[in-house]
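Asks: Sharing a structure here in structure tokens format.
The values are calculated or read from the model by the stated rules, or taken from the named source; none is laboratory data. These numbers come from a predicted model, not from an experiment. Cβ placement follows ideal geometry from the backbone for every residue including glycine, while neighbour counts extend to all protein chains displayed.
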2 protein chains.
Amino acid sequence: MLQVKYNMEVNVMKKIGILGSTGSIGTQALSIIRNNPEKYKVSALTCGNNIELLIKQIDEFKPCMVCVSSEKNALLLKNKYKNIEVYFGDDGMNEVAKVDNYDIFLTSVVGFAGLKPTYSAIKRGKTIALANKETLVAGGELIMTAAKQYGAKILPVDSEHSAIFQSLLGTEKRFLNKILLTASGGPFRNYTLEQLRNVTLEQTLKHPNWNMGRKITVDSASMMNKGLELIEARWLFDVSPSNIDVLVHPQSVLHSAVEFTDGAVIGQMGIPDMAVPIAFAFSYPDRLENIAKPIDFINKYNNLTFEKLDEDVFVNLKLARQSIEKGGSYPIVLNASNEILVNAFLNKKISFIQIQEGVEKILNNHNPIYQLDNVDSIIEIDCDIRRKTKEYIKEIMEI
Amino acid sequence: MLQVKYNMEVNVMKKIGILGSTGSIGTQALSIIRNNPEKYKVSALTCGNNIELLIKQIDEFKPCMVCVSSEKNALLLKNKYKNIEVYFGDDGMNEVAKVDNYDIFLTSVVGFAGLKPTYSAIKRGKTIALANKETLVAGGELIMTAAKQYGAKILPVDSEHSAIFQSLLGTEKRFLNKILLTASGGPFRNYTLEQLRNVTLEQTLKHPNWNMGRKITVDSASMMNKGLELIEARWLFDVSPSNIDVLVHPQSVLHSAVEFTDGAVIGQMGIPDMAVPIAFAFSYPDRLENIAKPIDFINKYNNLTFEKLDEDVFVNLKLARQSIEKGGSYPIVLNASNEILVNAFLNKKISFIQIQEGVEKILNNHNPIYQLDNVDSIIEIDCDIRRKTKEYIKEIMEI
């Protein structure tokens, strides 16, 4: 049998900085580090306001740097830990990213705040374990250009993108024909546009396969999550959006797949569990042991089904595809308007379908900007759209 | 995105020798060569008695060497083609393998006759596109040791083994946990032992997914084919038989998969078509274009199911597993006795279930030989078992 040859590297301890250590991805990442103490060490932890959990994490993992949202909490930590550098706020996160004391930077913070520190880490040529969607959705071109320039690796942590990455291992990208991005279909799978009009917040927050935050749960139900993933995939794998098919697969076992020029399809499968993509971003090209239970194809996952997604019902996917095809500032608009609209839906100010109607409206009214060569110009557009979307919501609430 | 680096090789024309050019695999291979004239050239063709088709192939592909079964046909070809070297018989096939005028040797001949020429090609350090089961089933240890010694690559052409090979690309073998060898289940899927007793030859020869020869069709129905594949997989991928699970998958879309240490499963999928594995053995690590139609997951293959295989009914699989676990001459006995028993079944001398009963009987009566360091000793055991199996069949027919 032909053996693929590898450069043998000395097994060195990898230092990991975690942006968003108290969230779902962050805590799972720490559990992987806990179970592999000979391979990984925590160098930095950042979180928002969950200071109690952060203190436990500091005591266990002994990072040399931490960052929290508020100055008050930062002062508290400074008094408690004399040997740890403590930062706060968005600027603090960016300072953590700029320091040269980590090998892998896990960006598991939610929202737009992830962009700036990720960009800083890329400029240091670090390996990014990317779990922050906004980084590529809003800053795709800037980020990928910088990654190339500074020799930074970007390894996806999303289960879909990790699956695509794993399926491409060992094959040159020029033989890639198509990406098959799978989607669970969410709670409103097969709904008509009429049915979608009447869904409630409670129905929306019931998601069958994954345990996630509320914002992503709404995005999963509205297919915006898949739209954002499509944009990410376009950047990560340098593929035209027209070569990315979304395939509804309710069991979420096939995490995604790729089709090659010869007609062969390679896909990565697993139980619905974020641990494998997180662990693989840490261990690549190696694999760790016993990260997730193996798939029980015979007793549990013995029936895998596939369906079409109706983009005339789940308009968000069409809007995402159009945004990335048009390029420039459109994906920033898609993401920012969606975030504000989802928040309004979570606060019961607008209905579920008004999310996608709103995103479409804001996109249609947008005058695109194509010169996006720094983080600040992206942030400026993002702020502007958030403001406009809030105005829009006020208007439709008055009607 | 991290790009896996490759050694860029100059795109040179590959010369291909085909053992068994008029069979199903051979003709599909020639069709791939026909469609890729800038990449491949035929250097040698061998066949049995289908001289009419061989003449067409010679006229189209202009090999420099051919080999046929009979001296009579060889003389006919010698008169017709003055510039082509013509050989005949098993020794002739071996001569073709020994000549240094090909890069890839496709061993698509059926049966035990494939072993000797394959061994000769390996000793020349050539790339083997292996489609002949008997080579590894009977000569696994000898062949793999020689391949290592002479630097020959063995690329699998079976769709299952090609799928495993493709799924392992880019990952070191030490991270492989398990092979998931899929099986269509054949026409008698879910049958009880009692039901299996009453199946007819006509029922057996109806196979749902693949169009194959009669011997392999019987082996597919009796699960001996899967047993032989399990033995091949053990050698090709250097995996303990206990780490090879057989998974019944009636749609034959997932051609096989591998489970890694972290719990991730990677599998190769495709429509039931031998063209992709043949083409990939030629093009590896590249991929050709438009070899097979892409999978239509939405309209055609939208329901993939998995089941357990009952090894107490399909005893052949258990016998194969035991044979390779015991090692030595046992797999030779398994294969040789099965071939004779299948032939008796095809000639309506014995019943379907008497195939597996016979294989078990012959295996139980065998005194194993563990010193198998040359092809001739393997051939000797094979001949001996064929003779003993014929005697056994005579005995049970007299009862």
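Asks: Tell me, which residue of segment A:236-282 that is over 16 Å from the mean Cα position of the chain (by Cα) and charged (D, E, K, R) is nearest to A:A183 (Cα to Cα)?
Replies: Step by step, filter segment A:236-282, then rank; the result is A:D245.
Asks: Condition first: in contact (Cβ under 8 Å) with a residue 60 or more places away in the chain, among the β-branched types (V, I, T) and more than 30 Å from A:P156 (Cα to Cα). Can you find one or more residues in segment B:66-86 that meet it?
Replies: Within segment B:66-86, the first condition is being in contact (Cβ under 8 Å) with a residue 60 or more places away in the chain, and the residues that meet it are none.
No, there is no match, as no residue in segment B:66-86 is in contact (Cβ under 8 Å) with a residue 60 or more places away in the chain, among the β-branched types (V, I, T) and more than 30 Å from A:P156 (Cα to Cα).
Asks: Right, something else. Given (1) in contact (Cβ under 8 Å) with a residue 12 or more places away in the chain; (2) out of contact with any Leu (no Cβ under 8 Å at 6 or more places or on another chain); (3) closer than 15 Å to A:T389 by Cα, where does A:V315 come up short, assuming only one miss?
Replies: Unmet for A:V315, out of (1) in contact (Cβ under 8 Å) with a residue 12 or more places away in the chain; (2) out of contact with any Leu (no Cβ under 8 Å at 6 or more places or on another chain); (3) closer than 15 Å to A:T389 by Cα: (3).
Asks: From the list A:Y102, A:Y119, exactly one residue is in contact with a helix residue (DSSP H, G or I) (Cβ under 9 Å, 6 or more places away or on another chain), under 12 Å from A:G17 (Cα atoms) and surrounded by 20 or more Cβ atoms within 10 Å (Cβ to Cβ). Which is it? Walk me through it before giving the result.
Replies: Numbers: A:Y119 fails: under 12 Å from A:G17 (Cα atoms).
The unique qualifying residue is A:Y102.
Asks: Go through segment A:295-304 and count every residue that is under 25 Å from the mean Cα position of the chain (by Cα) and either surrounded by fewer than 18 Cβ atoms within 10 Å (Cβ to Cβ) or more than 7 Å from chain B (Cβ to nearest Cβ) (or both).
Replies: So the answer is 0.
Asks: Looking only at residues in segment B:356-372 that are more than 27 Å from B:V199 (Cβ to Cβ) and loosely packed, with under 12 Cβ neighbours inside 10 Å, which one is farthest from the chain's Cα centre (by Cα)?
Replies: Among those that are more than 27 Å from B:V199 (Cβ to Cβ) and loosely packed, with under 12 Cβ neighbours inside 10 Å, it is B:N367.
Asks: Within segment B:182-195, can one find any residue that is within 18 Å of B:L236 (Cβ to Cβ), within 13 Å of chain A (Cβ to nearest Cβ) and either buried (at least 18 other Cβ atoms within 10 Å of the Cβ) or touching a strand residue (DSSP E or B) at 6+ places or on another chain (Cβ under 7 Å) (or both)? I'd like the intermediate steps shown before the answer.
Replies: First, pick out the residues of segment B:182-195 that are within 18 Å of B:L236 (Cβ to Cβ): B:182-183.
Still in the running and within 13 Å of chain A (Cβ to nearest Cβ): B:182-183.
Filter again for either buried (at least 18 other Cβ atoms within 10 Å of the Cβ) or touching a strand residue (DSSP E or B) at 6+ places or on another chain (Cβ under 7 Å) (or both), leaving B:182-183.
Yes, segment B:182-195 contains a residue that is within 18 Å of B:L236 (Cβ to Cβ), within 13 Å of chain A (Cβ to nearest Cβ) and either buried (at least 18 other Cβ atoms within 10 Å of the Cβ) or touching a strand residue (DSSP E or B) at 6+ places or on another chain (Cβ under 7 Å) (or both).
Asks: Looking at segment A:204-288, what helices (runs of 4 or more DSSP H) fall wholly within it and have at least 3 residues that are under 21 Å from A:K133 (Cα atoms) and within 7 Å of another protein chain (Cβ to nearest Cβ)?
Replies: Values: elements: A:214-222, A:224-237, A:275-283.
Helices (runs of 4 or more DSSP H) meeting the threshold: A:275-283.
Asks: Do the conditions hold for B:S377, that is, is it without any contact (Cβ under 8 Å) to a residue 40 or more places away in the chain, hydroxyl-bearing (S, T, Y) and farther than 18 Å from B:A320 by Cβ? If you could, list the steps in order and put the result at the bottom.
Replies: Details: without any contact (Cβ under 8 Å) to a residue 40 or more places away in the chain: yes; hydroxyl-bearing (S, T, Y): yes; farther than 18 Å from B:A320 by Cβ: yes.
Here the answer is yes, as B:S377 does meet what is asked.
Asks: I would also like to ask the following. Going residue by residue through segment B:147-169, is there one that turns out to be out of contact with any helix residue (DSSP H, G or I) (no Cβ under 7 Å at 6 or more places or on another chain) and either more than 13 Å from every other protein chain (Cβ to nearest Cβ) or under 26 Å from B:P368 (Cα atoms) (or both)?
Replies: yes
Asks: Moving on to the next point. Do you know which residues across segment A:289-323 are outside any loop (DSSP other than H, G, I, E, B) and in contact with a helix residue (DSSP H, G or I) (Cβ under 9 Å, 6 or more places away or on another chain)? Working first, answer last.
Replies: Filtering segment A:289-323 down to residues outside any loop (DSSP other than H, G, I, E, B) leaves A:303-305, A:307, A:315-323.
Selection gives A:V315, A:N316, A:L317, A:K318, A:L319, A:A320, A:R321, A:Q322, A:S323.
Asks: Exactly one condition in (1) within 14 Å of chain A (Cβ to nearest Cβ); (2) more than 23 Å from B:I324 (Cβ to Cβ); (3) of a type in the set (G, A, S) is not met by B:G140; state its number.
Replies: Of the numbered conditions (1) within 14 Å of chain A (Cβ to nearest Cβ); (2) more than 23 Å from B:I324 (Cβ to Cβ); (3) of a type in the set (G, A, S), the odd one out for B:G140 is (2).
Asks: Name the residue that is surrounded by the fewest Cβ atoms within 10 Å (Cβ to Cβ), counting only residues in segment A:14-44 that are in a loop (DSSP other than H, G, I, E, B) and modelled with pLDDT of 95 or more.
Replies: First pass over segment A:14-44, keeping only residues in a loop (DSSP other than H, G, I, E, B): A:20-23, A:36-39.
Pick out the ones that are also modelled with pLDDT of 95 or more and you get A:20-22, A:36-39.
Values: A:G20: 25, A:S21: 30, A:T22: 22, A:N36: 17, A:P37: 10, A:E38: 7, A:K39: 17.
Across segment A:14-44, the extreme among qualifying residues is A:E38.
Asks: Test each condition in (1) free of Cβ contacts under 8 Å to residues at least 12 places away in the same chain; (2) basic (K, R); (3) closer than 21 Å to A:K39 by Cα for A:K153 and report the one that comes out false.
Replies: (1)
Asks: Restricting attention to segment B:33-67, which residues are of a type in the set (S, T, N, Q) and either closer than 21 Å to B:K98 by Cβ or in contact with a strand residue (DSSP E or B) (Cβ under 8 Å, 6 or more places away or on another chain) (or both)?
Replies: Scanning segment B:33-67 gives B:S43, B:T46, B:N49, B:Q57.
Asks: Okay, next question. Do we have A:A131 as more than 28 Å from A:I271 (Cα to Cα) and in contact (Cβ under 8 Å) with a residue 24 or more places away in the chain here?
Replies: So A:A131 fails the test.
Asks: Testing B:E52 on (1) over 20 Å from B:L130 (Cα atoms); (2) in contact with a Ser or Thr (Cβ under 6 Å, 6 or more places away or on another chain); (3) part of a helix (DSSP H, G or I); (4) of a type outside the set (A, V, I, L, M), one condition comes back false. Which one is that?
Replies: With respect to (1) over 20 Å from B:L130 (Cα atoms); (2) in contact with a Ser or Thr (Cβ under 6 Å, 6 or more places away or on another chain); (3) part of a helix (DSSP H, G or I); (4) of a type outside the set (A, V, I, L, M), B:E52 is out only on (2).
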